[in-house]
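Have a look at the structure below, then the notes.
The values are calculated or read from the model by the stated rules, or taken from the named source; none is laboratory data. In this text the structure is predicted, and so the values were computed from the model without any measurement. A quick note on method: Cβ atoms are made from the backbone with ideal geometry, for glycine too, and the neighbour counts reach across all protein chains shown.
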Amino acid sequence: MRDGRNQYGMTWGQPSLRAAIAEKSRRFYGQEIDPDQHVTVTCGVTEAVIAALLGIVNPGEKVVILEPAHENYHAGIAFAGGIPVWVPLRPPHYRFDAEELARAFQQKPKAVLFNSPHNPSGRVFTEQELAIIRDLCVKHDVVAITDEIYEHLVFDGLRHIPIATYPGMEDRTITICGLGKTFAVTGWRVGYCIASAELTDALRKVHDFTTVCAPTPLQEAMASVIGLPDSYYQWVQTFYASRRSRMLGILDKYGFKYAVPEGAYYVMADFRHLGRGHDDMVFAYWLIDEVGVATVPGSSFYASDPGLGRGLVRFAFPKKDETFDVVEKRFEKLETLR
């Protein structure tokens with residue numbers, strides 16, 4: 001900042017950060033990215049999603065969304081005047097039905113929007129699943145908007161694969177990612193989009209007139225850490241895997257049922273064995289008021305059929321051991337409150 005990097009920066013991102021993002025894409029995924037034409041730095045992934053949707057979706061056009069989904073997906077489509085077409089990932093395994101997805105694409109959508117590694121389920125989409133989406137995008141001339149914020153938080157030897165690396169997808173994908181989760185600085189609000197020059201031009205117009213630029217000094221800081229050695233990225237996976245183990249151990253102790261998260265840092269857990277009914281909103285408030293532990297109701301992630309989230313709540317596990325100690329202690333109340 002003392003060197004002057006505390007003023008407005010280039011609208012679509014500091015050159016140093018865009019170059020670092022392009023190099024990271026080459027390093028991890030073998031992509032050849034032009035930092036000037038293809039990379040746009042945004043104020044977090046939330047803004048990136050909104051800018052992408054407003055940039056390419058016209059009023060009345062449809063967008064396929066795989067849900068459960070982050071609430072800002074629906075908001076972005078509403079802002080653009082688009083029409084959401086929801087395709088559920090049904091619990092407990094959170095996989096989409098290929099025929100159901102194909103029927104959604106037959107409605108001639110402008111885009112498909114999905115998140116992998118997935119919040120809230122923890123799913124990491126397989127190569128086969130991504131190939132199905134790719135085939136439908138190519139067949140129906142659809143743009144893929146992909147939220148890949150948890151790209152480095154994958155477990156058990158799994159690997160995140162950007163759909164943009166699939167044949168036919170390079171020029172029809174807006175890859176959205178960010179640095180807050182990987183480097184545990186979510187409050188810095190530094191995200192980015194990678195897209196073809198044509199798609200980039202569209203979303204940059206929205207970005208320019210909404211936020212101007214992401215915080216300049218934080219962009220410069222991120223540019224200096226993206227190039228950390230592989231050992232850092234491996235440590236991130238090991239660290240969050242340990243957080244997952246601690247969280248699942250607590251849930252096991254008190255009988256919660258869940259699908260083991262493959263990535264990200266959330267777990268959707270079934271609470272119905274506790275005899276508190278199946279209303280997830282009521283249970284979430286009860287858990288706060290009577291036990292002192294906060295979760296997110298499962299139905300809040302489903303717009304098409306909130307019933308798919310009934311009986312479920314989402315726990316987040318990017319926590320310190322001291323926090324887990326408190327949770328474990330407070331959960332002892334469950335034995336007396338049933």
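Here is a yes/no grid of residues against (1) surrounded by 13 or more Cβ atoms within 10 Å (Cβ to Cβ); (2) closer than 20 Å to ASN119 by Cβ; (3) among the acidic types (Asp, Glu); (4) touching a Cys at 6+ places or on another chain (Cβ under 7 Å):
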| residue | (1), (2), (3), (4) |
| --- | --- |
| VAL260 | no, yes, no, no |
| ILE288 | no, no, no, no |
| THR295 | yes, yes, no, no |
| GLY298 | yes, yes, no, no |
| ALA303 | yes, yes, no, no |
| GLY311 | yes, yes, no, no |
| GLU322 | no, no, yes, no |
| GLU328 | yes, no, yes, no |
| LEU334 | yes, no, no, no |
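Please state which one of THR165, THR146 is among the polar types (S, T, N, Q) and either at positive phi or touching a strand residue (DSSP E or B) at 6+ places or on another chain (Cβ under 8 Å) (or both).
THR146
Conditions tested, residue by residue: (1) charged (D, E, K, R); (2) assigned by TED's automatic domain parsing to the domain that holds VAL236; (3) over 29 Å from PRO229 (Cα atoms).
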position: LEU136; (1), (2), (3): no, no, yes
position: LYS139; (1), (2), (3): yes, no, yes
position: GLY157; (1), (2), (3): no, no, no
position: HIS160; (1), (2), (3): no, no, no
position: THR186; (1), (2), (3): no, no, no
position: TYR192; (1), (2), (3): no, no, no
position: GLU198; (1), (2), (3): yes, no, yes
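Contact list please: Cβ distance under 9 Å, first residue in the stretch 108-124 and under 18 Å from THR173 (Cβ atoms), second residue among the basic types (Lys, Arg), pairs at least six apart or on different chains.
If the second residue must be among the basic types (Lys, Arg), the pairs left are PRO109/LYS62; LYS110/LYS62; ALA111/LYS62; SER116/ARG123; PRO117/ARG123; VAL124/ARG159.
Counting only residues that are over 23 Å from LEU203 (Cα atoms) and hydrophobic (A, V, I, L, M, F, W, C), which one in the stretch 137-160 is surrounded by the most Cβ atoms within 10 Å (Cβ to Cβ)?
LEU153
Name the pairs whose Cβ atoms lie under 7 Å apart, with the first residue in the stretch 1-23 and aromatic (Phe, Trp, Tyr), the second in a helix (DSSP H, G or I) and buried (at least 21 other Cβ atoms within 10 Å of the Cβ), and 6 or more positions between them or separate chains?
Short answer, once both residue conditions are applied: TRP12/HIS207.
Within the stretch 135-150, identify whether any single residue is in a loop (DSSP other than H, G, I, E, B), of a type in the set (A, V, I, L, M) and modelled with pLDDT of 95 or more, and answer yes or no.
Scanning the stretch 135-150 turns up at least one residue that is in a loop (DSSP other than H, G, I, E, B), of a type in the set (A, V, I, L, M) and modelled with pLDDT of 95 or more.
Name the pairs: first residue in the stretch 28-55 and free of Cβ contacts under 8 Å to residues at least 12 places away in the same chain, second residue not acidic (Asp, Glu), Cβ to Cβ under 8 Å, at least 6 apart or on different chains?
Matching pairs, first to second residue: GLU32/ARG26.
Here is a list: ASP147, ASP135, ASP156, ASP141. Which entry is over 24 Å from ARG90 (Cα atoms) and acidic (Asp, Glu)?
Result of the check over ASP147, ASP135, ASP156, ASP141: ASP141.
Could you tell me which of the residues GLY122, GLY81 is under 20 Å from the mean Cα position of the chain (by Cα) and not hydrophobic (A, V, I, L, M, F, W, C)?
Only one candidate passes the filter, namely GLY122.
Would you mind finding the one in VAL293, VAL327 that is part of a loop (DSSP other than H, G, I, E, B) and at pLDDT 95 or above?
From the options VAL293, VAL327, the qualifying one is VAL293.
Can we say GLY81 is exposed (fewer than 15 other Cβ atoms within 10 Å of the Cβ), in contact with an Asp or Glu (Cβ under 9 Å, 6 or more places away or on another chain) and farther than 27 Å from PRO229 by Cβ?
yes
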